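The values are calculated or read from the model by the stated rules, or taken from the named source; none is laboratory data. As the structure is a prediction and not an experimental result, all values here were calculated from the model. For neighbour counting, all protein chains shown are included, and Cβ atoms are generated from backbone atoms with ideal geometry for every residue, glycine included. Heads up: the accessible areas ignore ligands, DNA and RNA and are worked out on the full protein's heavy atoms, side chains in. Shrake-Rupley method; radii C 1.70, N 1.55, O 1.52, S 1.80 Å.
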Amino acid sequence: MSSTQNLDDNSSQFTTIDLERPLQLLADWVQEAKDLGLSEPDAMNLATVDGNGNPHNRMVLMRHINEREIGFFTNLESNKAAEIFATQRTSSTLWWPQLGRQARIEGTAAEMPRDMVEEYFQSRPRNSKIAAWASRQSKELASMDSLHQEFRQYEEKFSEKTVPTPTFWGGFTILVDKIEYWNGKPFRLHERVVLTKGEKSWSKDRIYP
Ligand SMILES: Cc1cc2nc3c(=O)[nH]c(=O)nc-3n(C[C@H](O)[C@H](O)[C@H](O)COP(=O)(O)O)c2cc1C
């Protein structure tokens, strides 16, 4: 703790939050992290729940955000996809250590419209597209050699051609119903605000750190 830190700094990031746009601050934080050149500014932990109520989590990239939802891309036959198809509920965390910020998001996931998937897939580097064809994500793999061999087979199959979007590859949007913004402060007197979606409008509550 630096001696220059003191309790007189009671400035707040959160007084200007517009409840008509609960995800705006999230978009701003991601943009700020991008502008600063931070690594993986949109990486988020994604927790899903399987049909037996067991939670599972992993990192994904938050590649879509608008006023009511976030989204990511993945293999539609992966474990995470099966868990989403089973229970729909998700919980996510993004963390920007250099900025001392965290955002936690809860919501209901749904398969992303194919036009959005198509646009994103086609924007990816050619090798990533071919890798998507070669990966049966979450299924057992005999060896890395097999994976490389499958990659080469698809490379050959699509040589000189546009790599089409696999039908088993897609995305999910998450309709957000709760978001917590966390801003690190001196003396561990961190600032937390939770926005919750009600029947007609969003509410905002400050909570203890
Ligand atoms: C920083 C980071 C970003 C990742 N982004 C994605 C992603 O956007 N989509 C994806 O399917 N997997 C992504 N992964 C891999 C996942 O964490 C995970 O290993 C994979 O999706 C399989 O998860 P599942 O078996 O639970 O479905 C990422 C991993 C890391 C470390």
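Figures for the structure shown
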read-out	value
Positive-pole candidate from Val117, Pro164, Ala82, dipole of the chain, charges at beta carbon	Ala82
Net charge over other residues, Cβ less than 10 angstrom from the Cβ of Thr90 (K, R count +1; D, E count -1)	0
Residues listed by number, segment 37-54, amide nitrogen under 19 Å from Arg21 label point at 7 Å toward C-beta	none
Gaussian network model of the chain, springs between alpha carbon atoms under 10 Å - residue of Thr87, Thr74, Thr15 with greatest fluctuation	Thr15
Segment 38-164 - percent of accessible surface contributed by carbon and sulfur, probe 1.4 Å	48 percent
Partner lysines for Lys157 [C-alpha distance under 16 Å; skip if fewer than 8 residues away on the same chain]	Lys129
FRET efficiency, Arg188 to Leu99 (Cβ-Cβ, R0 22 Å, nearest 0.05)	0.85
Dipole axis of the chain (+1 Lys, Arg; -1 Asp, Glu on Cβ), positive-most option in Gln98, Leu26, Asn127	Gln98
Cα coordinate range in segment 95-209, projected on the principal axes (Å, largest first)	57, 36, 26
Gained length - Glu111 relative to Asn54, 0.36 nm times residue gap less alpha-carbon distance	18.4 nm
Electrostatic dipole magnitude of the chain [Cβ: Lys, Arg +1; Asp, Glu -1; Cα centre; debye, to 20]	200 debye
Accessible area of Phe158 in the full protein assembly, 1.4 Å probe (Å², nearest 10)	10 Å²
Point-to-point label distance, Glu40-Met144, nm (Cα→Cβ direction, 7 Å offset)	1.9 nm
Backbone HN-Hα couplings from phi across segment 46-57 [Karplus 6.51/-1.76/1.60, Hz, Gly and Pro as x]	10, 9, 10, 10, 7, x, 9, x, 7, x, 9, 9
Alpha-carbon centroid distance for the pair segment 51-77 / segment 142-209, whole angstrom	4 Å
Rg to Rh, two decimals, where the chain supplies the alpha carbon set and Rh follows Kirkwood	1.04
DSSP H segments from the chain that extend 24 Å or more along their own axis, Cα-based, with Kyte-Doolittle mean of 1.0 or above	none
Debye, to nearest 20: dipole size of segment 63-153, +1 on Lys, Arg Cβ, -1 on Asp, Glu Cβ	260 debye
Whole-number accessible area per residue in Å² for segment 1-157, which is evaluated in the context of all protein chains at 1.4 Å	60 Å²
Positive-end residue of Trp202, Phe73, Gly107, charge dipole of segment 64-209 with Cβ unit charges	Trp202
For segment 49-126: rounded, prolate or oblate by the Cα gyration tensor [a/c cutoff 1.5]	oblate
Pairs from Lys34/Lys204; Lys80/Lys139; Lys178/Lys204; Lys80/Lys161 whose Cα-Cα separation, in the structure shown, is over 20 Å	Lys34/Lys204; Lys80/Lys161
